[in-house]
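Student: Below you'll find the structure I mean.
Read-outs throughout are calculated quantities, based only on the coordinates presented, and are distinct from any laboratory measurement. All values reported here derive from a predicted model rather than from experimental measurement. Here the Cβ positions follow ideal geometry from the backbone for every residue, glycine too, while neighbour counts run over all protein chains shown.
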Amino acid sequence: MSLRVAVAVFAVVALAAGWLAVGRRAASGAIALSSSANVDLRRYMGTWYVIANIPYFAENGNVAARDVYRLDGDGNVATTYVYRKAFDAPEKSLASLGVVQPASDNHYWIVRLFWLIRADYLILEVAPDYSWALVGQPSRKLGWMLARDAAMDDAAYATLLAKFAGHGYAAERFRRVPQFRDQVGKPGFQ
């Protein structure tokens, strides 16, 4: 092995080890995100509007976004994310599969997208009447506020943001997802 190759391999290994150490150190300073929600999967199925999220590349700027959940024969959750890039644009959709994890009271799923990408889906809280749900990830890098109705008043939104804060999220990172044309460009919306 040439000296240049050895140095390059060492540099890559050192960078990866440093990245992992920083990630572990950052994660160890925070209280682990967990849920005590006991989710009735049959009641959870159906359409949920994405009222707000922590924007990231795949959902940033989408409008009229919703998730549609359907329980399949294996007890997994077939998920379809439906959205538009603009209100006058056609609807697009993205399918994934939520694999409900054993002994989690149905609140912890591993979501598989294209069978290549895996992500944690943690239902932090769900309303007793299943009118809203708060969904997060153990890293707290992503979070979603879901509701059965596309419209949510400011008071209910503030209450649910406070619940996210109670789970250790920085509430100011959330942005509302426009569900109606007149919400585009308003403060607090994507």
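Student: Pop a pseudo-label 7 angstrom from the Cα along the beta-carbon direction at both ARG173 and TYR130 and give the gap in nm to one decimal.
Tutor: 2.9
Student: Taking the range 84-190, which GluC sites (Glu not before Pro) meet the DSSP loop condition and have no more than 11 other C-beta atoms within 10 Å?
Tutor: Qualifying residues, ordered by number: GLU91.
Student: Zone of ASP40 (label point 7 Å along Cα→Cβ, backbone N under 18 Å): which residues in the range 87-110?
Tutor: What the label zone holds, given the 18 Å backbone N cut-off, is 105-108.
Student: List the lysines whose Cα lies under 23 Å from the Cα of LYS85, skipping any in the same chain that are fewer than 8 positions away.
Tutor: Within reach: LYS141, LYS186.
Student: For the range 64-109, what relative contact order do you get, as a whole percent, if you take Cα pairs closer than 8 Å and at least 6 residues apart?
Tutor: 30
Student: Tell me, how many Å apart are the Cα centres for the range 71-90 and for the range 29-51?
Tutor: 17
Student: Shifting gears a bit: Please give the charge dipole size of the range 118-186, origin at the Cα centre, charges +1 on K and R Cβ atoms and -1 on D and E Cβ atoms. Round to the nearest 20 debye.
Tutor: Dipole magnitude for the range 118-186 comes out near 360 debye.
Student: Want the number for ILE110 to SER93: 0.36 nm per residue separation, take away the alpha-carbon distance, what's left?
Tutor: Full extension from ILE110 to SER93 adds 4.2 nm.
Student: Can I ask one more? So which chymotrypsin sites (Phe, Trp or Tyr not before Pro) in the range 141-190 pass both tests, a DSSP loop state and at most 11 other Cβ atoms within 10 Å of the Cβ?
Tutor: Within the range 141-190, the qualifying chymotrypsin sites (Phe, Trp or Tyr not before Pro) (loop, at most 11 other Cβ atoms within 10 Å) are PHE180.
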